[in-house]
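Undergrad: For reference, the structure I am asking about is given below.
The values are calculated or read from the model by the stated rules, or taken from the named source; none is laboratory data. The structure displayed is predicted, hence computed values, not measured ones. Every residue, glycine among them, receives a Cβ derived from its backbone with ideal geometry; neighbour counts consider all protein chains shown.
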Amino acid sequence: MPLKDALPVIDDRRYSDIVAEIRTRIARYTPEWKPEWNDLNDSDPGVILAQTFAWLSEMMLFRMARVPQLNYVKFLELIGVELMPAQPARADVSFVLDAAWPGAMVIVPPRTQVSAASDDGPPLVFETERALTAVACQLRCVQSYDAAVYRDVSGANAAAPGGPGFFPFGEAPRDDGALVLGFAFPATYPTPAQMPALNLDLAFWAQDEPKQGRIVQCAPATRAYASARLQWEGWDGSDWQRIDALNDETLAFTRSGHIVLRVGAGLGLQRAYLGEYDAIDPLTRQPRDGLFWLRARLVRTQYERAPLLAAVRTNTVPALQAQSVQREILGGTSGARNQVFQVENTPILQGSLVIAIDEGTAASARNWSIVEDLFGAGPADEQLAVNWTSGEVRAGDGEHGQVPVANANNPDTNVIALEYRYGGGKRGNVGPGAIRNLLSAVDGIDGGKTSNLFEASGGRDEERLEEAQVRARKMLRARERAVSADDFELLAQQAGNVKRAKALPLANPHFPGVSVPGAVTVIVVPDSDSPNPLPSDGLLRTVCAYLDARRLLTTELFVVAPRYVLVEIDAQVVVKDNADPAQVKQDVERALAAYLHPLKGGDDGLGWPFGGPLRYSKIVQRVFGVFGVDSVPRLVLAVDGERQPECRDVPIDALAAHALVYSTGHQVEVLTAREFEEMP
């Protein structure tokens, strides 16, 4: 028998229901009082007593109805299920030197704060994750050299984001092809005869094309090797001189990352005109100065596909949507069991909290370990359990975790949070150019020109209780092991900012339509406000690494981005006489957009099913569900720009297997009954 059939029936009566029931029972249980209670008005003493008992009964029923939910929450605590904390967004932030700064470079320290405006609260604060050496020289020209012809791609580089990108070595890379970069100092800076010695940090963004269906194969952690070997060089006026690359995170421009170049003083790099960069500007017909040139030359290439770059920038550093706090006093220890301390700012970033307790028994305060819970702690373990969301810090009881003793010399301030960072949430996923303000003043940096070229991503709100309940049921079956399709989907959602996941057994994306034993493909959809959310390369790799540690040894695992099908609806709607046509139009468009949303659409509101067909009748029902709609004379579906016959369902799997639908806008014509009758 299903357990749901054995669930107790919870009394859901309210105050008005109980009062009405009492009134109906008066004649049966107290017939001798019937003459006095003919009208049963609210001023009657008996009715007042009935209302009082009804109010008390409603309170009791309300409390009893919450007992099952309380038991469920306690069970989640028992099996170790906590709400997943909020995750911070990340972005690459670019800085510009002040025009009046006399030096050639400025050190931007780590944890430098910048901010973006927010529509629903205080400004969002981002902190740089490492130090940056910002240089005065500016990138003025970008050229692609395919070992035969120079092509100026500066326009494509400046058009990012949303631009077509550019091929750094041409569409068919060959040995001795090169990406050539021209640098110049601002007009206010005394241009040197030779390029000064500096470490140049260049940020590269790989163009994520094709975005849909991007594939990452999961394998044990091994060193990644580039498909080509690059040699960086600088032009000294007569020949190219070798330059050392201190690191290359891009794997020869095949993925986004940073490259740091060390330009030595002894190289003698000279200004010159090179390739398509001439002494006369072709647009203004004005003379222009020569540039200092650096290039990445292909020594040997074995690219499977020509690399495609979206942009290259200088003076750029990764930043995290978080704020740092140091030496915050949490209170004092009392020597009691289960002492609780409260961190002021929340949510706390996992792993960032450091707490020291001075018990007066040593020369200095000791750092206590931070753990998720104290169930595994012994009586002598100096451990503290932290709730990352609420900021509550709990000490042990002498059996599970040591009890911090009181310090008579410092009774109120001997517990100190030496350092922690707080922040996170979807609101940190700001758009391009939103990070504009420099909060931490840095000498030599122009605070009004801070910017982020691409949108911030990765921010996620705290998990809701309903989502944790669903995850708990799957987690008990999975037990941190990826065996069934449900296991892969659950673990993929735990790995990162993944809202939905779909596991396809026996599916290898390189062999579509063929059952491959041992292969599993996982489609991941990130939590995003975009109409067609697409995971970044970093998110795919994160999910891959998480699943790879939990899969069976014989499983060949792939993590891929979803494929999307664009759906547009052309509808004609006739409204009722008492309806506002403008309001009906907005409501219909809103209803269609919600129904066709990959994360919030579908019949259940949990997202469009993977590969689910477009049911014509259900779409019409959504339109009729809008208040004020009288009839729908015309409704035509357009799928990927192709109009479909009316009154026909459209199978999505025929266009792209396991695809999702999305929409960006619909054409809704709203007419009154008279306007419709007068139409030819």
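Undergrad: Report, by residue number, each residue of the stretch 541-561 that is aromatic (Phe, Trp, Tyr) and under 14 Å from residue 504 (Cβ atoms).
TA: Passing the criteria: only 558.
Undergrad: Go through the residues of the stretch 586-599 one by one and say whether even a single one is among the small types (Gly, Ala, Ser) and not in a helix (DSSP H, G or I). Let's see the steps before the verdict.
TA: Just the residues of the stretch 586-599 that are among the small types (Gly, Ala, Ser), to begin with: 591, 593-594.
Imposing the further condition that a residue be not in a helix (DSSP H, G or I) reduces the set to none.
No, every residue in the stretch 586-599 fails to be among the small types (Gly, Ala, Ser) and not in a helix (DSSP H, G or I).
Undergrad: Can we say residue 260 is in contact with a strand residue (DSSP E or B) (Cβ under 9 Å, 6 or more places away or on another chain), within 22 Å of residue 196 (Cα to Cα) and part of a strand (DSSP E or B)? Talk me through it step by step, then tell me what you get.
TA: Numbers: in contact with a strand residue (DSSP E or B) (Cβ under 9 Å, 6 or more places away or on another chain): yes; within 22 Å of residue 196 (Cα to Cα): yes; part of a strand (DSSP E or B): yes.
So residue 260 passes the test.
Undergrad: Another question about this same structure. Restricting attention to strands (runs of 3 or more DSSP E) lying wholly within the stretch 369-486, give those where 3 or more residues are touching a residue at least 24 places away in the same chain (Cβ under 8 Å).
TA: 392-394, 415-422, 435-438
Undergrad: Residue 538 versus (1) surrounded by fewer than 21 Cβ atoms within 10 Å (Cβ to Cβ); (2) part of a strand (DSSP E or B): which is the lone unmet condition?
TA: Residue 538 satisfies all of (1) surrounded by fewer than 21 Cβ atoms within 10 Å (Cβ to Cβ); (2) part of a strand (DSSP E or B) except (2).
Undergrad: Does residue 382 satisfy the condition of being of a type in the set (Asp, Glu) and under 23 Å from residue 347 (Cβ atoms)? Quick ask: steps written out before the conclusion?
TA: Working: of a type in the set (Asp, Glu): yes; under 23 Å from residue 347 (Cβ atoms): no.
Considered against the rule, which asks whether it is of a type in the set (Asp, Glu) and under 23 Å from residue 347 (Cβ atoms), residue 382 comes out as no.
Undergrad: To continue, here is another question. Quick one: is residue 246 surrounded by 15 or more Cβ atoms within 10 Å (Cβ to Cβ) and in the same structural domain as residue 185 (by TED's automatic domain parsing)?
TA: It is false that residue 246 is surrounded by 15 or more Cβ atoms within 10 Å (Cβ to Cβ) and in the same structural domain as residue 185 (by TED's automatic domain parsing).
Undergrad: Please go through the stretch 490-508 and pick out each residue that is crowded, with 18+ Cβ neighbours inside 10 Å and over 18 Å from the mean Cα position of the chain (by Cα).
TA: Within the stretch 490-508, 502, 503, 504, 507, 508 qualify.
Undergrad: Another question, then. For the stretch 604-639, what are the residues that are acidic (Asp, Glu) and either at pLDDT 90 or above or surrounded by 14 or more Cβ atoms within 10 Å (Cβ to Cβ) (or both)? Walk me through it before giving the result.
TA: Residues of the stretch 604-639 acidic (Asp, Glu): 604, 630.
Within the stretch 604-639, just 630 meets the criteria.
Undergrad: Let me ask something else. Within the stretch 443-451, does at least one residue satisfy the condition of being hydroxyl-bearing (Ser, Thr, Tyr) and over 30 Å from residue 327 (Cβ atoms)?
TA: Checked the stretch 443-451: at least one residue is hydroxyl-bearing (Ser, Thr, Tyr) and over 30 Å from residue 327 (Cβ atoms).
Undergrad: Now for a separate question. Within the stretch 88-110, can you find the residues that are buried (at least 18 other Cβ atoms within 10 Å of the Cβ) and either closer than 30 Å to residue 463 by Cβ or among the β-branched types (Val, Ile, Thr) (or both)?
TA: Passing the criteria: 88, 89, 90, 91, 92, 93, 96, 106, 108.
Undergrad: In the stretch 544-588, which residues are among the aliphatic types (A, V, I, L, M), without any contact (Cβ under 8 Å) to a residue 60 or more places away in the chain and either in contact with a helix residue (DSSP H, G or I) (Cβ under 7 Å, 6 or more places away or on another chain) or closer than 30 Å to residue 521 by Cα (or both)?
TA: Narrowing the stretch 544-588 to residues among the aliphatic types (A, V, I, L, M): 545, 547, 549, 552-553, 557, 559-561, 565-567, 569, 571, 573-575, 579, 582, 584, 588.
After this cut, where a residue has to be without any contact (Cβ under 8 Å) to a residue 60 or more places away in the chain as well, the list is 549, 553, 579.
Those that are among the aliphatic types (A, V, I, L, M), without any contact (Cβ under 8 Å) to a residue 60 or more places away in the chain and either in contact with a helix residue (DSSP H, G or I) (Cβ under 7 Å, 6 or more places away or on another chain) or closer than 30 Å to residue 521 by Cα (or both): 549, 553.
Undergrad: Residues being without any contact (Cβ under 8 Å) to a residue 40 or more places away in the chain, in a loop (DSSP other than H, G, I, E, B) and either in contact with a helix residue (DSSP H, G or I) (Cβ under 8 Å, 6 or more places away or on another chain) or not acidic (Asp, Glu) (or both): count how many of those fall in the stretch 242-257.
TA: Selection size over the stretch 242-257: 1.
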